[in-house]
Amino acid sequence: METIKNEPGLFGLKRSNRDFTSKDSWGKNQFNSSFPAALCAYFESKNIKSNYITVLNDKVTVTDISISDLFGISSLDQNEIFYSFESQFSPFNMYVNGSLPRTDLVIQDIKNKLCIRGLEVKLTALPDQTTFYKTENEYGCELVVRPDTIVYLACSLISNIEKNNTEEFRKFFDIDIKDWSESESVISNKDFILDGIKNISNILSLSNNSSPLLLQPIWKTKGKSPDLSDYCLDLFAWSDVGFARFIHDISLNTFNSKNIKITRQFRTCVWLYKMLHEYFKDGVFNYKKIIDQLSYNIKNDKAFSSQGSITNSFMTCENLIKPRINKKEIKNIILGNGQDLLSPERRFDAIIYNSPDLFKIT
């Protein structure tokens, strides 16, 4: 009689480019994208939908989306779905000059040999440093966004624009800026740039031409402590139009009427707008040149970050206050003692915080 192997693994991830029996596949960077993929598969096995942040009626709104719609294929058929981590979403190659950057998770259809979905993945803690002292309904997650995410956002919007009448979008790019690296010229056109992003998001949402872009699972602790809440896991996903509108909205909030300057948030809007502008002008865009040359004396290590006190208003719903997955269910997602292969960061401040005995007076 054949024995059943109890090897380390993650729920639903039968076929992927990571070997979960190997410790090398359980590092922090790997786990932060592979665990969310497994959590999605677990959600679908329980017939639970993900929260979905998109645009409805000219406003960023939390709705829901099935995992099969999020992935573009059912995760239940493990022989048909392939999880390719840190890969290019090849259908977007046609929109960029040079090599497309990699994204966190590419969903592939094995049977039809197709790349179906490219997703950025952000596993975020709830609450963050700006909200842990507030009431639970005010808890929020910090969201740190890398420049490559904006490249994929631009490509996703372009893909959906092409499903519409492309010409109706051209008017949003009738702008006269001779030197985009000059902050004064860009700032003087900030309203046109921001309105363009807002209008594009609205048109695509009204025509139901939008796509999932970013997967953001949350894990909730008891305030600032390292202890997980009893109900600690849930899924949020952002559509491309929802994320574009989010960037638009938080950019508006960074402007001060007495001191208007280019912030990280608005620079991200400029990057996105310029990528779309080049696509309408040339049919492709050079994202490396845009990001390198339009820095405005701000480091390019990240596009922007948004604190939990900001993201709360965009993500707020019952499932943010009380996530749907109990901590006892984690053992159903991490399989075969895979937790023993994890290599968490050893941070001195965390060790001190979790060692109250060090400060007892003897």
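The values are calculated or read from the model by the stated rules, or taken from the named source; none is laboratory data. Since the structure is predicted, the reported quantities are computational estimates derived from the model, not experimental observations. Here the Cβ is made from the backbone with ideal geometry for all residues, glycine too, and neighbour counts use every protein chain on show. Side chains are part of the model used for accessible areas, which takes the heavy atoms of the whole protein and leaves out ligands, DNA and RNA. Shrake-Rupley method; radii C 1.70, N 1.55, O 1.52, S 1.80 Å.
Are there trypsin sites (Lys or Arg not before Pro) in region 104-136 that DSSP marks as loop and that have at most 14 other Cβ atoms within 10 Å, and which are they? Before the final figure, lay out the partial values.
Values: sites: 111, 113, 117, 122, 134; in loops: 111, 113, 122, 134.
Passing sites in region 104-136 are 111, 113.
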If I build a Gaussian network model for the chain, linking alpha-carbon pairs within less than 10 angstrom, which residue out of 183, 68, 343 has the largest mean-square fluctuation?
343
Which distance in Å, rounded to a whole number, links the C-alpha centroids of region 169-241 and region 43-94?
17 Å
Can you spot the lysines whose alpha carbon is less than 19 Å from residue 59's alpha carbon? Ignore those fewer than 8 places along the same chain.
198
With the cut-off at 26 Å, tell me which of the pairs 113/281; 14/302; 122/327 have Cα atoms farther apart than that.
113/281; 14/302
Rg/Rh ratio calculated on Cα atoms of region 1-115 (Kirkwood radius):
1.02
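If you take the alpha carbon radius of gyration of region 221-319 and divide it by 2.2 N^0.38 Å, what ratio comes out, to two decimals?
Normalised Cα radius of gyration, region 221-319: 1.36.
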How big is region 146-274 in terms of Cα radius of gyration and Dmax, in angstroms?
17.4, 56
Can you give the longest stretch of the chain with no exposed loop site, where a site means GluC sites (Glu not before Pro) in a DSSP loop (not H, G, I, E or B) with at most 11 other C-beta atoms within 10 Å?
3-344
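Before I look further, what does the chain give for accessible area per residue, probe 1.4 Å, in whole square angstrom?
Working: 17730 Å² over 362 residues.
Per residue, the chain has 49 Å² of solvent-accessible surface.
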Where labels lie 7 Å past Cα in the beta-carbon direction, separation of residue 253 and residue 146 in nm
2.5 nm
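If one computes P(r) from the Cα atoms of the chain, what percent of pairs lie at distances over 26 Å?
On the way: 34707 of 65341 pairs.
Counting every Cα pair in the chain, those more than 26 Å apart make up 53 percent.
Percent of accessible area on the chain owned by carbon and sulfur, 1.4 Å probe?
Details: 8320 of 17730 Å².
The value for the chain is 47 percent carbon and sulfur by accessible area.
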With all protein chains in place and a 1.4 Å probe, residue 20 shows an accessible area in Å² (nearest 10) of 10 Å²
Checking the cross-link filter: which aspartates and glutamates have an alpha carbon closer than 19 Å to that of residue 163, excluding same-chain neighbours under 8 positions apart?
69, 240, 278, 282
Counting only helical runs of four or more DSSP H residues, what would the 222 nm mean residue ellipticity of the chain come to if each run contributes -39,500 (n - 2.57) and the total is spread over all its residues?
-10000 deg cm²/dmol
